[in-house]
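**Q** Take this structure, written in structure tokens, and hold onto it; I'll ask about it next.
The values are calculated or read from the model by the stated rules, or taken from the named source; none is laboratory data. Worth saying up front: this structure is predicted, and the values here are computed from it rather than measured. Here Cβ is always computed from backbone atoms with ideal geometry, including for glycine, and neighbour counts include all displayed protein chains.
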Amino acid sequence: MPIRILMTSGTVADCTQAGPLIEGMTAEYLLADKGYDSDAIVKQAQQQGMQVQIPPRKNRKDKRAYDKDLYKLRHLVENAFLHLKWWRGIATRYAKRCASFLAAAQIRCLMMWIAIS
């Protein structure tokens with residue numbers, strides 16, 4: 001069951017970058033936080049065949065239902081990114097080439113996987 005989780009950083013509003021991030025992606029669910037609660041994102045995800053699991057913002061008039069248990073899985077992915085950033089080489093982007101950076105991230109992910117299995 002593929003799950004797509006949206007995470008961005010920087011000074012650009014998260015919801016403005018969601019469309020290009022999910023464009024062309026196939027997943028069963030789209031998990032995102034309240035920052036991505038917009039009709040355009042929900043519509044695009046549904047057109048791509050995803051079930052949207054985004055909690056509604058407080059000021060939304062029509063509250064959309066979402067699976068709270070499935071939404072909690074987002075926390076596990078955020079923790080994985082936190083552990084990746086603890087590794088200095090990834091946090092500071094020590095590797096200058098994309099291939100080297102990807103290899104470092106894969107090695108760290110492998111180490112995390114071994115630790116939990």
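**Q** Taking the condition of being under 17 Å from residue 26 (Cα atoms) and out of contact with any helix residue (DSSP H, G or I) (no Cβ under 6 Å at 6 or more places or on another chain), how many residues in segment 46-70 meet it?
**A** 6
**Q** Return yes or no: is residue 60 part of a loop (DSSP other than H, G, I, E, B) and touching an Asp or Glu at 6+ places or on another chain (Cβ under 8 Å)? Break it down into steps so the answer makes sense when it comes.
**A** Numbers: part of a loop (DSSP other than H, G, I, E, B): yes; touching an Asp or Glu at 6+ places or on another chain (Cβ under 8 Å): yes.
Spelling it out, residue 60 is indeed part of a loop (DSSP other than H, G, I, E, B) and touching an Asp or Glu at 6+ places or on another chain (Cβ under 8 Å).
**Q** OK, next. Please go through segment 64-113 and pick out each residue that is within 24 Å of residue 41 (Cα to Cα) and assigned to a helix (DSSP H, G or I).
**A** We begin by selecting, within segment 64-113, every residue within 24 Å of residue 41 (Cα to Cα); these are 64-78, 81.
Matches in segment 64-113: 68, 69, 70, 71, 74, 75, 76, 77, 78, 81.
**Q** Give all pairs with beta carbons closer than 7 Å in which a residue from segment 71-87 that is over 18 Å from residue 30 (Cα atoms) meets a residue that is exposed (fewer than 11 other Cβ atoms within 10 Å of the Cβ) and of a type in the set (A, V, I, L, M); count only pairs at least 6 apart in sequence or on separate chains.
**A** The qualifying pairs are 85/91.
**Q** I'm checking my understanding of the structure. Among residues of segment 86-100 that are at pLDDT below 85 and surrounded by 11 or more Cβ atoms within 10 Å (Cβ to Cβ), which one is nearest to the chain's Cα centre (by Cα)?
**A** For segment 86-100, the residue satisfying everything is 90.
**Q** Could you give every pair whose Cβ atoms fall below 6 Å, whose first residue belongs to segment 35-54 and is at pLDDT 90 or above and of a type outside the set (Gly, Ala, Ser), and whose second residue is surrounded by 21 or more Cβ atoms within 10 Å (Cβ to Cβ) and assigned to a helix (DSSP H, G or I), counting only separations of at least 6 or pairs across chains?
**A** 41/18; 52/45; 54/36
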